[in-house]
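Everything on this sheet refers to the single structure shown next.
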């Protein structure tokens with residue numbers, strides 16, 4: 001059983017599994033295709049799993065895949081805590097340009113479903129974090145895009161200050177918001 005709560009961004013859901021705990025530990029289904037599709041009200045076929053390990057202060061993103069290579073993602077944290085951020089890039093959406101920030105961690109076991117047409121990024125809040133995300137389309141290098149983490153138009157509030165962030169050279173050189181959509 002899974003509880004799904006749609007966020008202010010249409011099609012984007014916070015998912016909470018039913019967790020069974022006792023003196024031995026815990027058990028839960030981290031993914032059940034039938035229950036997942038029923039919970040979000042549509043069928044999604046995941047074809048690729050990605051996993052990352054990051055140190056505290058690592059900011060990955062904001063990334064997206066363009067056109068026919070766009071990806072929906074189901075993001076979960078296996079170890080640690082992250083600030084997960086998504087931005088609605090669907091030009092015909094009433095929430096175009098709006099964003100959502102949520103803490104995902106290995107204790108609350110919440111997941112975030114991010115539909116196609118969103119930029120996604122996360123910041124590691126704990127000493128380290130292991131993040132798993134399922135994708136419904138294969139990665140395509142030629143279709144990748146991104147937005148700078150500190151884009152003034154988005155006014156994102158990251159939980160660690162800019163002087164303490166660790167970014168890849170690629171992420172540090174991502175274009176500003178409007179230039180990614182032209």
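Considering segment 78-102, and only residues there that are touching a strand residue (DSSP E or B) at 6+ places or on another chain (Cβ under 8 Å) and without any contact (Cβ under 8 Å) to a residue 40 or more places away in the chain, the residue that is farthest from residue 35 (Cα to Cα) turns out to be 96. Taking the numbered list (1) at pLDDT 95 or above; (2) within 26 Å of residue 1 (Cβ to Cβ); (3) surrounded by fewer than 17 Cβ atoms within 10 Å (Cβ to Cβ) in turn, residue 132 passes all entries but (3).
As a summary of the residue check, residue 164 satisfies the conditions (1) touching a residue at least 40 places away in the same chain (Cβ under 8 Å); (2) out of contact with any strand residue (DSSP E or B) (no Cβ under 8 Å at 6 or more places or on another chain); (3) surrounded by 12 or more Cβ atoms within 10 Å (Cβ to Cβ) except for the one numbered (3). Criterion applied to 123, 159 was being surrounded by 13 or more Cβ atoms within 10 Å (Cβ to Cβ), under 21 Å from residue 52 (Cα atoms), touching a residue at least 40 places away in the same chain (Cβ under 8 Å) and in contact with a strand residue (DSSP E or B) (Cβ under 6 Å, 6 or more places away or on another chain), and the one residue passing it is 123.
Find the residue count for segment 1-60, including only residues that are part of a loop (DSSP other than H, G, I, E, B) and under 19 Å from residue 101 (Cβ atoms). The qualifying residues number 8. When the test is whether a residue is over 16 Å from the mean Cα position of the chain (by Cα), over 25 Å from residue 172 (Cα atoms) and surrounded by fewer than 19 Cβ atoms within 10 Å (Cβ to Cβ), residue 3 passes it. Residue pairs whose Cβ atoms lie under 8 Å apart, separated by 6 or more positions or on different chains, with the first residue in segment 32-58 and without any contact (Cβ under 8 Å) to a residue 12 or more places away in the chain and the second surrounded by fewer than 13 Cβ atoms within 10 Å (Cβ to Cβ), are 37/43. Do the conditions hold for residue 61, that is, is it at pLDDT below 95, surrounded by 14 or more Cβ atoms within 10 Å (Cβ to Cβ) and within 12 Å of the chain's Cα centre (by Cα)? The answer is yes for residue 61.
The values are calculated or read from the model by the stated rules, or taken from the named source; none is laboratory data. In this text, all values refer to a predicted model and were calculated from it rather than measured experimentally. Quick reminder, even Gly has a Cβ in these numbers, built from the backbone with ideal geometry, and neighbours come from all protein chains shown.
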